[in-house]
Each structure stands twice: as C-alpha cells, then as structure tokens.
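Taking it in order: structure first as structure tokens, then the write-up.
The values are calculated or read from the model by the stated rules, or taken from the named source; none is laboratory data. What you see is a predicted model, and the numbers here were worked out from it, not measured in a lab. Cβ: placed from backbone, ideal geometry, glycine included. Neighbour counts: every protein chain shown. What goes into the accessible areas is simple: the full protein's heavy atoms, side chains included, and nothing from ligands, DNA or RNA. Shrake-Rupley method; radii C 1.70, N 1.55, O 1.52, S 1.80 Å.
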Amino acid sequence: MFWLLVFLAVTGTLAYRGSALPTATGVLGVTVLLYGWLGGSAGYFLLLLLGWLLLFVPLNTPALRQEWFTRPLLDHWLAQSPALSALPETGPAAALLEAQTGPLPPPAVAAETPDADLRAEALAAVLLWRLRRPLQAAEPVLAQARVAELLYCGAALVAQAPRLLAQEQPDSGLLARAALAWPLAEQTAALLGLAPEARLDWAALTPEVQLAGRLAAAHRPGRELLQAAGLESPAARLIAFDQAFWPLLGRLLGDSVRSLVGGFAALLPTGPEDTDRRHAAWLALAGQRVAVLLHLRVLLQLFSRLPDAYEQHLARAVLALLGAQAALAWHGEARQPGGERALLESLLRRLLHSLEQELAAALRELPQPIGRRLLRVLLLPLPLARPPTRAEALTGADALLREPGLRARLAAGLPAQEALQELDRRLEALRKLEPSLRRLRLARFETPPADDTALLASASRLGLLSEPEVATLSEALVFAAGPWTSQRGGEAA
C-alpha cells in the first residue's frame, strides 16, 4: 500500500505540474528503481520495470511512437471524420475553454442588445414592486432577488461580449444572454402580474445547441487535431497529428489532477478580506473542470460515439462559465464594488451550482462505467456546489434596492432612461425614510387605521413623521394607487 501511494503521489505531482514527457519518464524510472532497491518484491519490480520499458521507450522514440501508436489513431480518425473545411478564427473568449479565466480584452465591436427592452422592464418591475408598498419597510422577495441576479449577469455579458469565434453570429455572449431571457421574463411576470411586452423571438432557439456546434472550432487542442488531420501530405499529417494528440492527453491528465486538488482547496476557510480571491479560485476551478470535459470530448470523438446529450450538457456548462467570468470581470470594474458584493456572491453561487449540475449530467453520459466513476472522483469529489440560500438571495436583492450606483450600472444603455430614473428617484426617497418607516411599523394606535392613507394621517397627527416625510409619503401613496397597479401579480415571494 505504501508504494502504491508513492507511485500515485509521484504520478499526480507530475500531472499537476504539467511535466514534459522526458521528465515524467525519468522521474517514474527513478521511482521504479527505488522500489527495486527498497521494495519487498523482486517480482513486482521486474513487472514494473518491464511495463515502464514497454510504455515509455516507444513514447520517447518519435519514429516508434508515430508508427505504433499515432498512425492507427490517425487512420481511425480519418475513417470516421468528415472532410475538413477551413476553421474559423478563434475569439478572445476561447481562452476560457483552456481554464484561462482572466479578464477579456475590450470587444472590438459593440454587442448586440436585443434583450435591452426585457432588461429595462425587469429592472422597472423590481423597483415598482417596492414602490407599490410605500409605507412598509423594504423587504425583498425571491422574484426580486432572481431578477437582480439575471440583470447583473446580463449587463456583465454585454460589457464583456465574450466571443469564442471571431466572426460568430450571434456572439457567444448573446447566446448566454438568450439562456437568461426566459427565466428573466418569468420572474418579471411574477412581479408585474402580466407578461413582459419585450419581444423574445430572438431567444426562441435553444442556445446550448448553437454553442455546442462551436466548441470543436474554439477549443485549441481540438482545433490542432482537426487541422493536422486536414493536411494533404501523409507524412506532414502524421507528424502534426502526433504533435497535437499526445499533449492533449497531458492536458487531460494535468487538468484532472488540478481539478481534484482545487476541489479540496476550495474547502479551506477564508476571511471576508479574501472574498475576491475565493471568487477567482472558484472561477479557475470551474474553468479546469470544463477544460477536462472539452479534452475528453475530443477523445470521445476519436475512440467512440459522442453522445448528443454530452455535448448539450457541456455547452450549458460553458454558458454558465461565460456568465461567471463576465460577472467577476464586470464587478472588478465597479467604482464601489463593496455595494455589489452580496449580489455577486448570490449570482456566482447559482452559476457554479448550475455548472456543476451540468458537468455531473455530462459525466453520466459517458459510455464506460469505470471511466465515468474515475472522472467523477477527479472532477467532482465532493457534493455539488449548493445554490444560494433564501437569505443570501434576498441579501442580493436588498443590495439592488439600497445601492443607487448599482442600479445606475444596470440601467446604463437601456431604453426608457427617463422612466427608470424617475422610478430610481422615488425609490431613493423611500430608502432615506427607512428609519421612519420602521418606527411607523412599530407604532400602536388606539383605533387601527383602515388603510395606508388613514395610517399616514394618524402618524402625522401624533407627530411620528415630519411634514416633509408626510409630503413624500403622500405623493408615494398617490403614485402607488396609479393605473399600473390595476392588475396584481401572483405569488412573487
């Protein structure tokens, strides 16, 4: 058992560090010799030495490796793959598919915004829900929390405009926003009591299906195999395929081990001052896990049939990864990031929960039970990430209601700016009266007021509110009784 752990530790360390093949060969060879010197079985030593010679001598000899291993793989690839057409140029977001989760460069072209009307309606719905109850202290509901998360993710995707392919239409960011459109419309309807007026035909197609067709062209290791197999010269084709395939295996092993280590490292306790570092670690871990399944996707194409469901689950995981990366990058651009942190935390928890759910579903599609269980241990060794609790989600909604800077960022570039600014002004006036509203809520009257108008009159008569506060709340009651309240929403809490 001791020597088994030694070999596992040495192999895992080499994979984690991404060691080159000659380095791995030498280190494992020394480990085998140490076993022959210190181990307890000469027979096991001879078996290990024979296995090391049979595996690593051909792998380190290019001519033998290409003839014995690479040529049969290439012939199998060519027999089952269609003729290769020219691959489109990759976009900056393609780096995310290799676990490079840093900020993207500024988009060269402005992002399409067919969701602008929907996001404007959704933001207005969140504010109107609060303005409908002007004499009550602000108590967010779950529909407001969900809309706040979706608005933040949508605005971040517009700002980052991620593109997996340079000339893709629509861009990957728009596909990610299309995945948010129907949930956003549903939650908006729950707040308003009627369906949004914004057009949703642009989001009618399933975005994961469109994205799945782009992953092969955007994933660099897979692109290299496709380009190598498309070369006309048989000799150049074999050499290029050999140079692309074996590093792909190394990346698969390395990202798998790093995912395992990162999964346990994410459990380490962190303080409030380490929140940004923890978020970056979450994103890096998510990127590594997605990268493993993308590497595995190429091998599935090579050795067996690629299940359709695997591709769709993987594409949904990539959509969640695009949203998480955009949200973190957009948060980093905020002038007052502290006011947004609660909403960002809730959004990231939901996106990472969705991402891990999709990864687990993709693993269940693998044809080999042993490989399925092994990858589950490497990628998802712990219980899946939980979604935000009710309290965490409501804290994010409360941040939207209390932070005018956050609302201004979410409203930037949306239509109906004057209407949104008017709602924001009214909300801010109520927010400043929160202490008085809480005091009013605790007040006890000899005769309970019949309605809010009577309550306000009684509070004014008893001196619980100042004249300016009474004037502000009277005007707010008039607004709350407006025609837009004629149809009440369903259960939004």
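Among the residues of the range 156-173, those identified as out of contact with any Pro (no Cβ under 8 Å at 6 or more places or on another chain), open to solvent by 10 Å² or more (accessible area, probe 1.4 Å) and in contact (Cβ under 8 Å) with a residue 12 or more places away in the chain are V158, A159, P170.
Filtering L184, L180 for residues that are open to solvent by less than 20 Å² (accessible area, probe 1.4 Å) and either under 29 Å from L248 (Cα atoms) or in contact with a helix residue (DSSP H, G or I) (Cβ under 9 Å, 6 or more places away or on another chain) (or both) leaves a single hit, L184.
Residues are listed down the side, and each one gets a yes or a no for (1) open to solvent by 40 Å² or more (accessible area, probe 1.4 Å); (2) small (G, A, S); (3) closer than 17 Å to G173 by Cα:
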site	(1), (2), (3)
G287	no, yes, yes
H295	no, no, no
R316	yes, no, yes
G323	no, yes, yes
A334	no, yes, no
G338	yes, yes, no
E345	no, no, no
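For the range 229-260, filtered to residues that are touching a residue at least 40 places away in the same chain (Cβ under 8 Å) and touching a Lys or Arg at 6+ places or on another chain (Cβ under 7 Å), the residue that is nearest to A95 (Cα to Cα) is S259.
Hey, any hits in the range 300-312 for a residue that's among the polar types (S, T, N, Q), surrounded by 16 or more Cβ atoms within 10 Å (Cβ to Cβ) and farther than 22 Å from L8 by Cβ? The answer is yes, given that some residue of the range 300-312 is among the polar types (S, T, N, Q), surrounded by 16 or more Cβ atoms within 10 Å (Cβ to Cβ) and farther than 22 Å from L8 by Cβ. All conditions but one from (1) at pLDDT below 90; (2) touching a Ser or Thr at 6+ places or on another chain (Cβ under 9 Å); (3) within 27 Å of R386 (Cβ to Cβ) apply to G263; the one that does not is (2). Residues of the range 187-201 that are surrounded by fewer than 17 Cβ atoms within 10 Å (Cβ to Cβ) and touching a residue at least 60 places away in the same chain (Cβ under 8 Å): G193, L194, E197, R199. Scanning the range 409-428 for residues that are buried (at least 16 other Cβ atoms within 10 Å of the Cβ) and at negative phi yields R409, L410, A411, L414, L420, L423, D424, R426, L427. Any residue that is outside any helix (DSSP H, G or I) and either open to solvent by less than 80 Å² (accessible area, probe 1.4 Å) or in contact with a helix residue (DSSP H, G or I) (Cβ under 6 Å, 6 or more places away or on another chain) (or both) - is there at least one of those in the range 49-62? Yes, the range 49-62 has at least one match. Within the range 23-42, does at least one residue satisfy the condition of being within 19 Å of L238 (Cα to Cα) and either open to solvent by 40 Å² or more (accessible area, probe 1.4 Å) or polar (S, T, N, Q) (or both)? The answer is no; no qualifying residue exists. A residue that is in a helix (DSSP H, G or I), among the small types (G, A, S), within 27 Å of A94 (Cα to Cα) and in contact with a helix residue (DSSP H, G or I) (Cβ under 7 Å, 6 or more places away or on another chain) can be found somewhere in the range 359-381. Could you tell me whether E469 is assigned to a helix (DSSP H, G or I) and at pLDDT 85 or above? In short, no. Mind checking which residues of the range 130-144 are touching a Ser or Thr at 6+ places or on another chain (Cβ under 9 Å) and more than 11 Å from A476 (Cα to Cα)? Matches in the range 130-144: P140, A143.
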